[in-house]
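Q: Before I ask anything, here is the structure I am working with.
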Amino acid sequence: MFGDIPHPVLERMRALEAVDAADRTDGTPRMERLRQITPDTGRLLAILAASSPEGTWIEIGTSAGYSALWLALACRETGRRLTTFEVLPHKAELARETFRTAGVEDVIDFVEGDALEHLPAMGNVAFCFLDAEKEIYGDCYEAVVPKLATGGLLVADNAIDHQETLQPMLDRALTDPRVGAVIVPVGKGELVCRRLAS
């Protein structure tokens, strides 16, 4: 899955990594920054997604599409599709450019809009990656967990570097009888939840 990353995907990944690195050093306003995951987190996401049960894959918070590129590798490996949601118009524009230039539009369904408005109609979620505004993590968690298939995975970014802000949601997940959960010290910290049988 990682040994033969298509050149257009790899090229776009490197371009976004360079933009993200520059954002962190040049004083770019917080809302404008890409704030994307690290490459090791991308690898973890792809492996977890490829190991998930049958069902729908979703991403809440596309940004410029970097994490979706890693998940697209897993889509190609498994014959699945990813639906990814972004609410900010300027990031949505970047995401569309990412998917077009990387040549992954065949495995990604991009939705410019609020995932919380679409989740009620969804079911049998096998994999969800959550990387949005931290203030909505709790709402997203409560909306996604009931939709998870047995064995389905919810992965939330920033579980370590934004731990104080996310503590109520983290406490909920780590004690929630519906899931088994652990915080993995990869990248900025990943909360990984697996839906247990009812």
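The values are calculated or read from the model by the stated rules, or taken from the named source; none is laboratory data. Computed from a prediction, not measured in an experiment: that's the story for all the values here. Backbone-built Cβ (ideal geometry, glycine too); neighbour counts: all protein chains shown.
Q: From the list Ala46, Ala95, Ala102, which residue is surrounded by 13 or more Cβ atoms within 10 Å (Cβ to Cβ), closer than 23 Å to Ile160 by Cα and modelled with pLDDT of 95 or more?
A: Testing whether each residue is surrounded by 13 or more Cβ atoms within 10 Å (Cβ to Cβ), closer than 23 Å to Ile160 by Cα and modelled with pLDDT of 95 or more leaves just Ala46.
Q: Given the structure, is Val125 out of contact with any helix residue (DSSP H, G or I) (no Cβ under 6 Å at 6 or more places or on another chain) and β-branched (Val, Ile, Thr)? Steps first, answer last, please.
A: Values: out of contact with any helix residue (DSSP H, G or I) (no Cβ under 6 Å at 6 or more places or on another chain): no; β-branched (Val, Ile, Thr): yes.
Against the criterion (out of contact with any helix residue (DSSP H, G or I) (no Cβ under 6 Å at 6 or more places or on another chain) and β-branched (Val, Ile, Thr)), Val125 does not qualify.
Q: Do any strands (runs of 3 or more DSSP E) entirely within the stretch 87-173 hold 2 or more residues that are under 24 Å from Arg12 (Cβ atoms) and among the charged types (D, E, K, R), and if so, which?
A: Result: 108-112.
Q: Can I ask one more? For the structure I just gave you, tell me whether Arg80 is in contact with a Phe, Trp or Tyr (Cβ under 7 Å, 6 or more places away or on another chain) and either at pLDDT 95 or above or assigned to a helix (DSSP H, G or I) (or both).
A: yes
Q: Now a separate question. Under the condition of being polar (S, T, N, Q) and under 18 Å from Ile183 (Cα atoms), which residue from the stretch 33-43 is modelled with the highest pLDDT?
A: Per the stated criteria, the residue is Thr41.
Q: Return a yes/no flag: does the stretch 148-158 have any residue that is among the small types (Gly, Ala, Ser), modelled with pLDDT of 95 or more and within 16 Å of the chain's Cα centre (by Cα).
A: First, the residues of the stretch 148-158 that are among the small types (Gly, Ala, Ser): 149, 151-152, 156.
Remaining after also requiring modelled with pLDDT of 95 or more: 149, 151-152, 156.
If we keep only those that are within 16 Å of the chain's Cα centre (by Cα) too, we end up with 152, 156.
There is at least one residue in the stretch 148-158 that is among the small types (Gly, Ala, Ser), modelled with pLDDT of 95 or more and within 16 Å of the chain's Cα centre (by Cα).
Q: If you check Gly79 against the conditions, is it free of Cβ contacts under 8 Å to residues at least 60 places away in the same chain and touching a helix residue (DSSP H, G or I) at 6+ places or on another chain (Cβ under 6 Å)?
A: Taking the combined requirement at face value, the residue does not satisfy it.
Q: Shifting gears a bit: So, of the residues in the stretch 20-32 that are of a type outside the set (Gly, Ala, Ser) and surrounded by fewer than 16 Cβ atoms within 10 Å (Cβ to Cβ), which turns out to be modelled with the highest pLDDT?
A: Pass one, the stretch 20-32, residues of a type outside the set (Gly, Ala, Ser): 20, 23-26, 28-32.
This time we only want the ones that are surrounded by fewer than 16 Cβ atoms within 10 Å (Cβ to Cβ), so: 24-26, 28-32.
Values: Arg24: 72, Thr25: 76, Asp26: 68, Thr28: 65, Pro29: 61, Arg30: 59, Met31: 57, Glu32: 65.
If we take residues in the stretch 20-32 being of a type outside the set (Gly, Ala, Ser) and surrounded by fewer than 16 Cβ atoms within 10 Å (Cβ to Cβ), then Thr25 is modelled with the highest pLDDT.
Q: Of these, Ala156, Ala115, Ala126, Ala197, which one is buried (at least 20 other Cβ atoms within 10 Å of the Cβ) and more than 14 Å from Leu48 (Cβ to Cβ)?
A: Unique residue meeting the criteria: Ala115.
Q: Follow-up question, since we're still on this one. Identify, from the list Ser52, Ser67, the residue that is assigned to a loop (DSSP other than H, G, I, E, B), among the polar types (S, T, N, Q) and either more than 16 Å from Ala126 (Cα to Cα) or under 15 Å from the mean Cα position of the chain (by Cα) (or both).
A: So the residue among Ser52, Ser67 that is assigned to a loop (DSSP other than H, G, I, E, B), among the polar types (S, T, N, Q) and either more than 16 Å from Ala126 (Cα to Cα) or under 15 Å from the mean Cα position of the chain (by Cα) (or both) is Ser52.
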